[in-house]
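Notes follow once the structure below has been shown.
The values are calculated or read from the model by the stated rules, or taken from the named source; none is laboratory data. Remember, it's a predicted structure, so these values are computed and weren't measured experimentally. Every residue, glycine as well, gets a Cβ built from its backbone with ideal geometry; the counts of neighbours run over all protein chains shown. The accessibility values were calculated without ligands, DNA or RNA, using every heavy atom of the protein model including side chains. Shrake-Rupley method; radii C 1.70, N 1.55, O 1.52, S 1.80 Å.
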Amino acid sequence: MAVVAIVTAVFLGLVLKDLDLSAARASIAAFEAWTLLPMAGLYVLAHGLRSVRLSLLLKDEGTPDVPLLRLFVVNGVGFLAINLIPLRLGEMVRPWLLAERYGVPFGRGLAAILLERMLDFVVLLGMLLGLGLVVDLPAEGLEVAGVDVIHTAQRALGVLLLVGIVGGGVAVALGDQAAALLRRLPLGEPISRFALQFRGAFVALLKRPGRALGAASASVGIVAATVAAVAVVMSGFEGIPASLVTAFATWTITLSGMVAVPTPGFFGPYELFCTAALWLWRVDPQVARAFAITLHLGQFGFTLLLGGASLAAEGLGLRDLVRPAPSSRGS
């Protein structure tokens with residue numbers, strides 16, 4: 001936790017070190033706050049698409065059906081946890097909640113979340129590869145804290161996807177043999193159970209290409225709704241060329257930073273990468289920082305409100321988010 005706090009402080013320091021408070025206050029004062037309303041509506045749409053996608057990824061013989069509205073609530077709790085618990089450890093909350101409340105085996109829920117993340121990585125990699133087609137990138141790349149974020153993110157996501165595809169291929173091809181090998185490792189029993197659950201989820205998706213296409217389409221729709229929300233908030237700031245292209249590039253670079261450095265609430269990396277992205281349009285750094293802070297606080301506030309309402313709907317408190325994964329339903 002100390003390391004996480006230090007990393008967060010370093011990134012926040014990079015964001016705030018050259019911040020002109022009077023200029024930032026002036027930009028925020030001139031901001032058209034009404035744009036936060038359509039932003040919230042677009043975020044609700046994106047959240048609904050996430051729930052549809054999770055429903056498609058969970059469907060399988062022997063897995064209990066969870067109503068879409070309940071998945072909407074589970075996602076609300078889960079994304080609150082992702083924002084509050086460092087290093088994306090909050091990803092475990094949704095499988096735990098699905099197991100505790102709806103009887104979905106923990107491993108099956110975790111497999112669906114892993115497939116969900118693989119789809120997100122595929123879409124983000126496509127966004128990064130397509131960035132150069134819509135924006136004139138500098139020949140030396142876009143550097144943040146001395147790192148070329150676009151090329152680094154492309155390579156990192158490529159490696160992660162390769163590992164996921166190879167791992168999924170091995171799990172599908174070898175099946176029980178792979179599980180038997182995994183049982184020989186430390187903590188091999190739960191790992192082998194998860195491998196079999198992931199194999200089952202992966203095979204179920206391959207057998208139903210329509211469902212796989214639906215999940216992929218939902219992933220693209222989530223990004224489209226989020227980019228539209230970013231564009232709407234941009235339109236409320238003077239000095240930012242608000243367009244879908246600007247919003248697409250800004251969100252692609254910001255999201256890459258959030259994936260690379262998952263600090264609590266993504267504070268620090270979010271603002272730093274969002275500000276750096278707007279440099280491509282030579283936006284005044286003070287205006288860019290004010291926009292990044294406003295957009296992030298709007299997004300974070302939405303997550304807190306939705307997550308709080310979802311916690312109340314499930315009869316849970318914040319302490320429940322750090323409970324251990326269930327052992328009795330882990331198969």
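Here are some notes:
- At a probe radius of 1.4 angstrom, the accessible area of the stretch 232-281 per residue rounds to 28 square angstrom.
- Here the Karplus curve 6.51 cos²θ - 1.76 cosθ + 1.60, taken at θ = phi - 60°, turns the phi angles of the stretch 236-250 into couplings of x, 10, 7, x, 10, x, 6, 7, 5, 5, 4, 5, 4, 5, 5 Hz, with x standing for Gly and Pro.
- With all protein chains kept in place, the per residue accessible area of the stretch 43-122 amounts to 35 square angstrom at a probe of 1.4 angstrom.
- Accessible surface of the stretch 50-119 [probe 1.4 Å, protein heavy atoms]: carbon and sulfur percent: 65
- Full extension of the segment from VAL134 to ASP148, taken as 0.36 nm per residue of separation minus the current Cα-Cα distance, would add 3.2 nm.
- Packing, taken as the mean count of other beta carbons within 10 Å per residue, orders the peptides 258-267, 46-55 from highest to lowest as 46-55, 258-267.
- Under 14 Å, Cβ to Cβ, from LEU68 - net charge with Lys/Arg +1 and Asp/Glu -1: +3
- For the stretch 52-123 and the stretch 293-308, distance of Cα centres in Å: 20
- FRET efficiency, 1/(1 + (r/R0)^6) with R0 30 Å, evaluated for TRP281 and ALA156 via beta carbons: 0.75
- With a cut-off of 11 Å between beta carbons, the residues surrounding GLU116 carry a summed charge of +2, where Lys and Arg count +1 and Asp and Glu -1.
- Full extension of the chain between LEU206 and ALA224 yields a length gain of 4.0 nm, computed as 0.36 nm times the residue separation minus the alpha carbon distance.
- Our compactness index for the stretch 239-331, the C-alpha radius of gyration over the empirical 2.2 N^0.38 Å, is 1.41.
- Stretch gain in nm, segment ALA309-ALA23, where the contour uses 0.36 nm per residue and the Cα spacing is subtracted: 99.4 nm
- Accessible carbon and sulfur surface of the stretch 197-296 relative to its total accessible area, %, 1.4 Å: 68
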